[in-house]
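The values are calculated or read from the model by the stated rules, or taken from the named source; none is laboratory data. Being a predicted model, the structure only gives us computed values, none of them experimental. No Cβ is skipped: glycine too gets one built from the backbone with ideal geometry, and neighbour counts run over all protein chains shown. Just so you know, the surface numbers come from the protein's heavy atoms only, side chains and all, with ligands and any DNA or RNA stripped out. Shrake-Rupley method; radii C 1.70, N 1.55, O 1.52, S 1.80 Å.
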Amino acid sequence: MVALLTATQPARLRPIPGRVAPGTEVTIDATLGAGLRDPRLFVSQPGAGIEERPLKPSGSRFAAKVRLVRKGEATVELLATGAGGPQVVAIRRVFVGIDPPRSPPPEQSGRDPGVKGVEAAIARLRTQHGLTSLRRDAELDAVAELHSREMARTGTFAHVLPSDGSVGEQGATTPVNGTSGSDSPPLTVFGGKQFLHAQSYGAAIDNQGNADCETGQRGYPKKLNQFDPQHRNLALDAHTPGNQGPTFNGRARVPKGETVSRNPTTGPQLATQP
């Protein structure tokens, strides 16, 4: 049985030779299709791992030179970011100093074609590069399963879907409160401990009209949450203690004779804070 897979290429790519001599410099020249941005180029050479190469973009077009010095099979892969997140724009195999195979490699019998088979294949690839095997995580498995079902429902293949967001957003149902990927179960996917920061209505003045431009004037506080009965480490209060003064070109206070109000005079009103 022969299976033929076709796909629309989302970029115009200058032809890349499939067979070259060691030391050949290959030109990568491409133009991204509509809706794509931030191109990235990755090159894999025998015994050298995967390396990202710099690009010289000019609008939607970009170019690079890649010298293939090692004998064996090399891979050139182009990625870009679209509405569905990162995606492969083009991938090319280049045979350096060797003949291309005349037929696909034979399938090995006894291998699980499902998730366990994928897990085993990833483990083998990591071992070849001197890396330890990954450890399965039940929480991330559940997120991946839901994302796969959503892709099937919407008929879309992408890392990011409008209905469930990116991997860092999927499964989020409560505000982070000092949680991290090391928690059990993990409440965030990447990075260290995280806290919710949602300070609406950052003030511009204090109650006397002195400049207090809070937005962008300092780092993130760990806890400003005086109305929370659970006293969690969240930053929700509208005002940060202490006056931050004016911005670079701002006034030190409201001009004399003008009326002032620290709290918003229109729209939803929050509980009064000092």
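Numbers for the structure displayed
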quantity: Solvent-accessible area of Ile50 with every protein chain in place, 1.4 Å probe, in Å² to the nearest 10; calculated: 130 Å²
quantity: Simple label model, 7 Å out from Cα along Cβ direction - Glu145 to Ala123, nm; calculated: 2.0 nm
quantity: Inter-site label distance for Lys65 and Thr156 at 7 Å from Cα along Cβ, in nm; calculated: 4.1 nm
quantity: Cβ-derived FRET efficiency at R0 25 Å, Thr265 paired with Gln226, nearest 0.05; calculated: 0.65
quantity: Heavy-atom SASA rank of Phe42, Phe227, Phe95 (probe 1.4 Å, accessible area, largest first); calculated: Phe227, Phe42, Phe95
quantity: Area of Thr24 that stays accessible when all protein chains are in place (1.4 Å probe, Å², to 10); calculated: 40 Å²
quantity: Hits among lysines - C-alpha to C-alpha of Lys56 under 24 Å, sequence gap 8 or more where chains match; calculated: Lys65
quantity: For Val160, distant residues with modelled amide H under 5 Å away; calculated: Gly85
quantity: Residue-level accessible surface for His159, protein heavy atoms, 1.4 Å, Å²; calculated: 120 Å²
quantity: Amide H contacts of Ile205 (H built 1.01 Å from N, under 5 Å, at least 5 apart or other chain); calculated: Asp212
